[in-house]
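Q: If you scroll down you'll find the structure; I have some questions about it.
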Amino acid sequence: MQQTLLMLKPDAVEGKRIGRILARLEEAGFLIRRLKMVRLNPQEAQAFYRVHEGKPFLDKLVAYMSSGPICAVVLERDDAVAELRRVVGATDPAEAAEGTLRKDFGLDKGHNAVHASDALETAREEIAFFGLTLAREA
Ligand code: CDP
Ligand code: MG
């Protein structure tokens, strides 16, 4: 079994889409192992997205991700990292495949409902970032 990190972005929380998104993930075979709602401050959002340092969209992304509460969720299933990226869909909801979360719940590229870890090592780091690393039995 593998774990990965999902984040419900401020547009999903504000738009009351938490329940529907989590239901879709449970239906897709993921087990919710940990869950936390927090509001990131700009420094924390910047640290979370430090891989994008220097990118033109970073400042807006940081401002947006610290504009309201988010939900951090540890999801588990076989091949969880790749499966979650598949279910989440392309970054731009307009380009996301039918049936993906971003297609169905995203508003635009900057407000695309969810974040998903992009690799196993990133998942470990992002789960730790939120203090959600699982002990043997959490
Ligand atoms: O989230 P994902 O891994 O699909 O995309 P990313 O390239 O790692 O970018 C992180 C986030 O920055 C995206 O989810 C978008 O919300 C935002 N972004 C943006 O606003 N404009 C771009 N041109 C690229 C990304
Ligand atoms: Mg990414």
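Q: Run the reach check for Lys16 against lysines, Cα to Cα strictly under 29 Å, same-chain hits fewer than 8 apart removed. What comes back?
A: By straight Cα distance, Lys16 reaches Lys36, Lys60, Lys103, Lys109.
Q: Next question, about the same structure. Using r as the Cβ-Cβ distance of Glu26 and Thr133, and R0 as 25 Å, what FRET efficiency do you calculate, to the nearest 0.05?
A: Working: r = 22 Å, r/R0 = 0.87.
E between Glu26 and Thr133, to the nearest 0.05, is 0.70.
Q: Okay, next question. Could you tally the net charge around Thr4, taking each other residue with its Cβ under 14 Å from the Cβ of Thr4, Lys/Arg +1 and Asp/Glu -1? Numbers along the way, then the final one.
A: Values: positive: Arg33, Arg34, Arg77, Arg85, Arg86, Arg124; negative: Glu76, Asp78, Asp79, Glu83, Asp118, Glu121, Glu125, Glu126.
Its environment carries a net charge of -2.
Q: Plugging the Kirkwood radius over Cα pairs into Stokes-Einstein for the chain, at a temperature of 25 °C and a viscosity of 0.890 mPa s, what D comes out in µm²/s? Don't skip to the answer; put the middle values down first.
A: Working: Rh = 14.9 Å.
The calculation lands on 165 µm²/s.
Q: Would you work out which of Ala28, Leu107, Pro56 lies farthest towards the positive end of the dipole of the chain? Charges go on Cβ: Lys and Arg +1, Asp and Glu -1.
A: Checked the options; the winner is Leu107.
Q: How big is the dipole moment of the chain about its Cα centre under a simple scheme where the beta carbon of each Lys and Arg is +1, that of each Asp and Glu is -1, and everything else is neutral? Debye, nearest 20, please.
A: Numbers: 20 positive and 21 negative charges, 70 e Å.
In debye, rounded to 20, the chain gives about 340.
Q: Rg/Rh for region 57-138 to two decimals, with Rh computed the Kirkwood way over all alpha-carbon pairs. All intermediate terms of the calculation are to be shown ahead of the outcome.
A: On the way: Rg = 13.7 Å, Rh = 13.9 Å.
Radius of gyration over Kirkwood radius for region 57-138 works out to 0.98.
Q: Hey, how many Å between the Cα centroid of region 11-34 and the Cα centroid of region 96-131?
A: 12
Q: Gln2's amide H: which non-local residues (gap 5+, or another chain) put their own amide H closer than 5 Å, with H modeled 1.01 Å from N in plane and none for Pro or chain starts?
A: Amide H neighbours of Gln2: Arg77, Asp78, Asp79, Ala80.
Q: Add +1 for every Lys or Arg and -1 for every Asp or Glu among the other residues with Cβ under 15 Å from the Cβ of Ile70, and state the total.
A: Numbers: positive: Lys9, Lys16, Arg17, Arg34, Lys36, Arg39; negative: Asp11, Glu14, Glu44, Glu126.
Net of charged neighbours comes to +2.
Read the figures in this text as sums done on the coordinates, not as results from a lab. All values reported here derive from a predicted model rather than from experimental measurement. Reconstructed Cβ throughout: ideal geometry from the backbone, glycine too, with neighbour counts over all protein chains shown.
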